[in-house]
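What follows is a short report on a single structure.
The values are calculated or read from the model by the stated rules, or taken from the named source; none is laboratory data. Computed from a predicted structure; not experimentally measured. All Cβ positions, glycine included, derive from the backbone under ideal geometry; neighbour counts span all protein chains shown. Surface accessibility is based on the protein's heavy atoms, side chains included, excluding ligands, DNA and RNA. Shrake-Rupley method; radii C 1.70, N 1.55, O 1.52, S 1.80 Å.
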Amino acid sequence: MNELSQVFYKSNETVEKFWKTNYDKNSLTRLTRQYSEQYCKEYGDCVQYMYDEKKTACFKVRLYVGAGMKVGTIQPKYIYLPRNHDFSLSAFSPNISVGLDILFPRLSKHLIAQACLDLGYMKATKDTHQLTGCPLQTQWGLAYKFNPERKVSPLIRGGITFNHLIGASGKNMETISGNEKKFQDIDFGFYLGVGTDIALDKYTLRFSANYEYSSSLGLFEDMDQESLRTSAIAVRAGILF
């Protein structure tokens, strides 16, 4: 026991507790952990003495809730019709977001699979022309966190999008599309972005900015040759639970 007590040579208080302990597993583990937490920071990372089920799980799911806005342009793209090929509308859309972060602790501390659902209200205008609706977007992608164990961790992200413009309607759009009221906008695209995660005890505050691009097919019901190109910058702030 004399040799074992020398393990705690830096703390006379711990040595004294050692001689008074029952020498059972729980008592020795508790004593060693207390000693390590007091002095291990001098030498780097501390030893994890207790089993942490969350850290050893195959995957972990976190809920994301946030809000933000998008600013960009919407441009009808005519494949066969030459008129108005340079016409574009300036668009603005506040939105709310709900998503999931799926982490894989055993595989990588840095890699995250992400899925997100966005719903907003868009208003796009140019001169007397106007297009409004509620854009519904789903995102599927991956993110890479550079410093996941630190309080502040930058990240990069990217993936694909599927979009649908709900309740779309136009004003003075008949000269652009040939049909003022019947819009069908279903499009696919991609996004690339950066962000920062800030750990707040059990929660994480996330700020992000994305570049998004998408192109639709069959935007207008009566003109199958047309499609829509959308490019936007999206900024968001939210919380991970």
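Miscellaneous remarks
- Calculated from backbone phi, Karplus (6.51, -1.76, 1.60) coupling profile of segment 128-136 in Hz, x at Gly/Pro: 8, 8, 8, 10, 10, x, 10, x, 10
- Here the peptides 95-104, 27-36 are ranked by packing, the mean other Cβ count within 10 Å, and the order with the highest first is 95-104, 27-36.
- Val235 paired with Ser36, simple spin-label distance in nm, labels 7 Å along Cα-to-beta-carbon: 4.5 nm
- Net length available on complete extension from Trp19 to Tyr121 is 29.7 nm, with 0.36 nm assigned per residue and the Cα-Cα distance removed.
- Put Cys116, Cys58, Cys134 in order of accessible area, highest first, and with a 1.4 Å probe you get Cys58, Cys134, Cys116.
- Nearest-10 value in Å² for the accessible area of His110, using the 1.4 Å probe: 60 Å²
- Rounded to whole Hz, the Karplus (6.51, -1.76, 1.60) HN-Hα couplings of segment 195-208, x for glycine and proline: x, 9, 9, 10, 6, 10, 6, 7, 10, 9, 8, 10, 10, 8
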